[in-house]
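The values are calculated or read from the model by the stated rules, or taken from the named source; none is laboratory data. The shown structure was predicted, so the numbers you read here are calculated from the model rather than taken from an experiment. All Cβ positions, glycine included, derive from the backbone under ideal geometry; neighbour counts span all protein chains shown.
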Amino acid sequence: QTIPELNKEELLEKDREHMWHHMSVYNPNPMIATEAKGSWVTDIDGNRYLDAMSGLWCVNIGYGREELADAAAEQLKKMAYFPLSNSHVPAIELADKISEWLGGEYRVFFSNSGSEANEVAFKLARQYHHQNGEPGRYKFISRHRAYHGNTMGALAATGQAVRKQKYEPLAPGFLHVHPPYCYRCPFGKTEDSCGMACATLYDDVITWEGAGTVAAVIMEPAITGGGVIVPPAGYMQKVREICDKHGVLMIVDEVICGVGRSGKNFGHQNFGVQPDIITMAKGITSGYLPLSATAVRKELADKFNEPGFNQHFRHVNTFGGNPASCALAVKNMELLEKEGLVQRAEELGKELRQKLSILEDHKYVGDIRSFGFLAGLEMVEDRGTKEPAAVEKVTQVIVECKKRGLIIGRNGDTVPGFNNVLTLSPPFSTTSEELDFIVNTLKEAFDTLQ
Ligand code: PMP
């Protein structure tokens, strides 16, 4: 018997014998997915699920778009591979398209994952300062709760303790500040009279550390994996001003928020700031093939053009920007444009947020937050004390949704008890009726809680 001929139990046995999953401790019986179309995934038993997480926040355009498969296949037949120490047409086309979507003068470096795109950003930022005559700038400031990836630098930037324990020491030089978490303000203030201490803190930290030691800040437009934390208006501009004052670069991680998810091309465009470096992955190919990119403001990139020894950016990778991934990404972005799907994500986001209001008064819902077409519901035991909901309750909602054919996500902090935010990030192909299904199913799942 070949593997595809095995039945589900036999496949699971093989899986347990030979596969190593991420977070496998949570999932001893993984769902074996076999097909997917639009917003729906089918498992090996023929059960259908609406995937309200777009996989891992990536299948933005929706599953099963043949145009994307064709674009990759055609490129594979024409020229499967060539390294980017030289060049090829799909990469040129994609770099051009990304710059257009960013609406500024950028140069784009390709790699393979969101984590690698962030590593590239860190290396570029440090090297830029070297070449700009300030080699002492090596530190990065990130935020508590942020997730920036799984490699030693990206994990160091990550602000969730449990993800890092057992892997330390990570890359040195990473500091963390409080996130703009208004629901549980770390400064104990209320939004109308807070003076945005979460933003001005950057000024203090950079000053305390010595501005001449700080290379860059890194932030997502809204923290996604750390509990869907959306900053107040003006926060990002404030941080941008502080960076400018101290000669510190601003790296914006658009791995989730980018390529339409926020309702704009890129998340930072909602806040009227221009970052120095922008990283992206997931949605750039709608998750169909691996690819990531780090876009660098041209003025900074130009520092790497100056003649002289050792001006090269030393980050050679074999697969980054491979032709099939680039051809697929170009097609993905073209379809998003042609079908007006970024605009649609914005509208769907508003509709989802409005529909979620049926859960607003539920006793276990503490806060509902959204950014573009992604949303988080923070579960609490008590709306007054905001004590996080018990793990069993959060799990129960997820399990009850799954029983009814709906896949949702969960995150927050890794501090025990705080993994209490349910997440939604559906494909842009989701219809209004499907949004009703998502919200009504969630409501039913909440109603099973005593
Ligand atoms: N940054 C953010 C904001 C992410 O959400 C992720 C992945 N969830 C990453 C970086 C890392 O991306 P990858 O898994 O492709 O390495």
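Miscellaneous remarks
- Some residue of the stretch 245-253 being within 16 Å of the ligand (Cβ to nearest atom) and out of contact with any Pro (no Cβ under 6 Å at 6 or more places or on another chain): yes
- Check on residue 317, under 21 Å from residue 59 (Cβ atoms) and not hydroxyl-bearing (Ser, Thr, Tyr): no
- Test: residue in the stretch 162-180 that is surrounded by 17 or more Cβ atoms within 10 Å (Cβ to Cβ) and touching a residue at least 60 places away in the same chain (Cβ under 8 Å): no
- For the criterion of being assigned by TED's automatic domain parsing to the domain that holds residue 224, of a type in the set (A, V, I, L, M) and under 28 Å from residue 150 (Cα atoms), residue 84 passes.
- Criterion applied to 264, 189 was being at pLDDT 95 or above and not aromatic (Phe, Trp, Tyr), and the one residue passing it is 264.
- The number of residues in the stretch 75-131 being small (Gly, Ala, Ser) and outside any helix (DSSP H, G or I) comes to 7.
- Cβ-Cβ distances below 7 Å connect the following pairs, each with a first residue in the stretch 3-25 that is in contact (Cβ under 8 Å) with a residue 12 or more places away in the chain, a second residue that is among the polar types (S, T, N, Q), and a separation of six or more residues or different chains: 12/29.
- Candidates 328, 356, 352 - the one that is under 22 Å from residue 268 (Cβ atoms), touching a residue at least 60 places away in the same chain (Cβ under 8 Å) and of a type outside the set (Lys, Arg): 352
- Any hit, the stretch 139-146, residues being more than 16 Å from the ligand (Cβ to nearest atom), touching an Asp or Glu at 6+ places or on another chain (Cβ under 7 Å) and either within 22 Å of residue 376 (Cα to Cα) or assigned by TED's automatic domain parsing to the domain that holds residue 227 (or both): yes
- Options 154, 171: the member that is part of a helix (DSSP H, G or I) and in contact with a helix residue (DSSP H, G or I) (Cβ under 6 Å, 6 or more places away or on another chain): 154
- Filter result (modelled with pLDDT of 95 or more, surrounded by fewer than 23 Cβ atoms within 10 Å (Cβ to Cβ) and part of a loop (DSSP other than H, G, I, E, B)) within the stretch 132-151: 134, 135, 136, 138, 144, 146, 150, 151
- Every listed requirement among (1) within 16 Å of the ligand (Cβ to nearest atom); (2) without any contact (Cβ under 8 Å) to a residue 40 or more places away in the chain is met by residue 159 save one, (2).
- Residue selected from the stretch 212-241 under the condition in contact (Cβ under 8 Å) with a residue 60 or more places away in the chain and farther than 17 Å from residue 267 by Cβ, by the criterion nearest to the ligand (Cβ to nearest atom): 216
- Scan of the stretch 231-244 for residues that are buried (at least 23 other Cβ atoms within 10 Å of the Cβ) and assigned to a loop (DSSP other than H, G, I, E, B), ordered by number: 231
- Some residue of the stretch 52-65 being farther than 22 Å from residue 326 by Cα and surrounded by 14 or more Cβ atoms within 10 Å (Cβ to Cβ): yes
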